[in-house]
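Derivation of every value follows stated rules applied to the coordinates shown; laboratory data play no part. Just so we're clear, the structure is a prediction, and the values are computed from it rather than from any experiment. Here the Cβ is made from the backbone with ideal geometry for all residues, glycine too, and neighbour counts use every protein chain on show.
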Amino acid sequence: MSYGFNKDVDVVIKEFNSMFNVDPDVVVSAPGRLDFLNTHQDYKGLPVVSVGVNLRTYVAGKRFEGSFIEVFSGNLRDEGSDYFDRIDLSKLELVSKQKWFGNYLRAAIIALKQRGYVINSGARIWIRSWVPIASGLGSSGTLVVAFIAALNELYGLNLSVKDIAELAYIAEHDVLNIPCGRLDQYGAAFGNVSVIETVPPYNVETIQFSEGIFAVIDSGIRHSTADIHPKRQKEIEMGLEKLMSIASESLRKKLGYRYWEPKWDSLTIEELKPYLNELEEKSRNRILYTIKAHKSTMLAIKILKGYKPSSTEIAQVLEVSEEDARKIVGKSKVDIIGYIMTHQHQLLSRLYDVSLPELDKIVDEFISNGALGAKLSGAGLGGCVIALFRDSETASKALNHILSRGIGARGWIVKVDRGITRHR
């Protein structure tokens, strides 16, 4: 775990001291994440690409004798909302308050306890986050990762970064029953530009990508992953059920009845083509999205590592003419990644129905104002749009221009940032 200090850390320490009249023993942070490539694919077992950014969640803590962990949220306090939870370690359970922030932390402790980790004394915890809630930047995953990382330091649990990511996933998916994949938790834990394998053993590869800078616009439209994922998963399964009843035996071996069962990484549209018209439109589109988005992501990963694609590859993946593809391959790496981003947004909008006219408008405005590419980030139907720019000056001008016209609620220029960090 790396160490670092910045002005946000100073704010968190001062707030902790103001609340408890003592300095914290530990300050840990984790980054928000951009859902960069292969959105809505992690719960299908496909690799996803995240970007950790310099909007972070900080958790400060100090141990004390007792059997309670007392947790305070600075953000909720500022809003005038309930911001305190007292967690009884001798009687761990979720509370019935809907969308209560303390349940994420309770779930984290439950996940640790289920796997044999011992928290043998009380603690006081102060949380301060610069990651906007429910805006497509992985706020809940970042919170759980930062909290478990803080407990790891406070109690000497000897967890690796991967351990923390997996425990955070267990807390959200298994304990809280949120139908998420591993993108948010692993993206927050590892930061940087990370390719996350979402099948065992859940390997993570960090890619160096210093070209370009990101702008983010929060649409101001709130959403919930719990409302979106189950619907798309059911639509896929309706299509799979039909395919399993009509497909050839060889194709059925690559399919399955549940959304995570098909060998998505080896399925091709060509082998599905004889059967696609037998599917309902929604199911057909969800399956087409899964294959097309994955194919473009795998090409993007190769390009990020230095691969130079052919015009034929670009034409096939981006579904453009050979003439347009030849123009694209003559451009820089960051330009081509931008094209793939925008292509994936179009797939999300057209085939997965998780965009909105407001999100499509932000994407179009970004492109019109110099972005190399743009797409929604997160589950969709609200939240954020991210855009890739060549430089910060162009990004800032575009962001300010778009927001000044009343498009979107707020925005940020962000840079790639590291994962879990201990500051104190």
(message) Can you tell me what share of the DSSP beta bridges in the chain is antiparallel? A percent to the nearest 5 is fine.
(response) 90 percent
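Based only on other Cβ atoms within 10 Å, what is the fewest-to-most ordering of I196, I110?
Working: I196 24, I110 20.
Exposure proxy ranking, most exposed first: I110, I196.
Loop only per DSSP, at most 14 neighbouring Cβ atoms within 10 Å: give me the trypsin sites (Lys or Arg not before Pro) in segment 287-326, ordered by residue number. Display every interim value, and only then the final one.
Values: sites: K292, K295, K302, K305, R326; in loops: K305.
When the trypsin sites (Lys or Arg not before Pro) of segment 287-326 are filtered for loop state and at most 14 Cβ neighbours within 10 Å, K305 remain.
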(message) In whole Hz and in residue order, list the ³J(HN,Hα) couplings for segment 112-129 that follow from phi through the Karplus curve 6.51 cos²θ - 1.76 cosθ + 1.60, θ = phi - 60°; x for Gly and Pro.
(response) 4, 5, 4, 9, x, 7, 9, 10, 9, 7, x, 7, 10, 10, 10, 10, 9, 10
(request) Rounded to the nearest Å, what's the spacing between the alpha carbon centres of segment 378-423 and segment 284-298? Just the number, please. (result) 26 Å
(request) Give the long-range amide H neighbours of R56: residues separated by 5 or more places, or on another chain, with amide H under 5 Å away, using H modelled in the peptide plane at 1.01 Å from N. (result) G32, W130, V131
(request) Using a 10 Å cut-off on Cβ atoms, rank the peptides 139-150, 332-343 from the highest mean neighbour count down. (result) 139-150, 332-343
(request) Largest first and in whole Å, give the semi-axes of segment 25-145's equivalent ellipsoid, each being the square root of 5 times a Cα gyration tensor eigenvalue. (result) 26, 18, 14
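Write out the trypsin sites (Lys or Arg not before Pro) in segment 1-103 meeting two conditions: DSSP loop, and at most 13 other Cβ atoms within 10 Å of their Cβ.
Details: sites: K7, K14, R33, K44, R56, K62, R63, R77, R86, K91, K97, K99; in loops: K91, K97, K99.
Filter output for segment 1-103: K91, K97, K99.
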(message) Rg and Dmax in Å for segment 102-206, alpha carbons only: what are they?
(response) 13.1, 37
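Counting every Cα pair in segment 2-208, what percent are over 22 Å apart?
Numbers: 9449 of 21321 pairs.
Summing the P(r) of segment 2-208 above 22 Å gives 44 percent of all pairs.
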(request) Mind jotting down the distance between the C-alpha centroids of segment 218-269 and segment 1-76, whole Å? (result) 34 Å
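Structure shown: which of K44/K263; K44/K295; K162/K292; K7/K162 lie over 19 Å apart, alpha-carbon to alpha-carbon?
On the way: K44/K263 9 Å; K44/K295 14 Å; K162/K292 29 Å; K7/K162 28 Å.
Among K44/K263; K44/K295; K162/K292; K7/K162, the Cα-Cα distance tops 19 Å for K162/K292; K7/K162.
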(request) List the chymotrypsin sites (Phe, Trp or Tyr not before Pro) within segment 1-84 that fall in a DSSP loop (any state other than H, G, I, E or B) and whose Cβ has at most 14 other Cβ atoms within 10 Å. (result) F5
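Listing Y202, Y155, Y352, Y186 from the residue with the fewest other Cβ atoms within 10 Å to the one with the most, what is the order? Working shown, then result.
On the way: Y202 14, Y155 19, Y352 23, Y186 31.
Lowest to highest Cβ neighbour count: Y202, Y155, Y352, Y186.
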(message) I'd like the Karplus ³J(HN,Hα) series for segment 59-76: coefficients 6.51, -1.76, 1.60, θ = phi - 60°, whole numbers in Hz, and an x wherever there's a Gly or Pro.
(response) 10, 10, x, 8, 6, 8, 5, x, 10, 10, 10, 9, 10, 10, 10, x, 5, 5
(request) For each of L255, L240, count neighbouring Cβ atoms within 10 Å of the residue's Cβ, then give the residues from fewest to most. (result) L255, L240
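Net charge near K282: determine it from the other residues with C-beta under 13 Å of the C-beta of K282, scoring Lys and Arg +1 and Asp and Glu -1. Walk me through the numbers on the way to the answer.
Numbers: positive: K231, R232, K234, K242, R284, R286, R350; negative: E235, E237, E280, E281, D353.
With Lys, Arg at +1 and Asp, Glu at -1, the neighbours total +2.
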(request) For N192, list long-range residues whose amide hydrogen, built 1.01 Å from N in the peptide plane, is under 5 Å from its own amide hydrogen. (result) G52, D417, R418, G419
(request) List every residue whose amide H lies under 5 Å from the amide H of A409, counting only residues 5 or more places away in sequence or on a different chain, with H placed 1.01 Å from N in the peptide plane. (result) D218, S219, G220
(request) Any chance you could list P(r) for segment 235-330, counting all Cα-Cα pairs in 5 angstrom bins from zero, rounded to whole %? (result) 2, 13, 21, 21, 14, 12, 10, 6, 1, 0
(request) Counting residues in the chain as N, plug N into 2.2 N^0.38 Å and put the Cα Rg over that result. (result) 1.00
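With +1 on each Lys and Arg Cβ and -1 on each Asp and Glu Cβ, how big is the dipole of the chain about its Cα centre, in debye rounded to the nearest 20?
Details: 53 positive and 51 negative charges, 61 e Å.
The dipole magnitude comes to about 300 debye.
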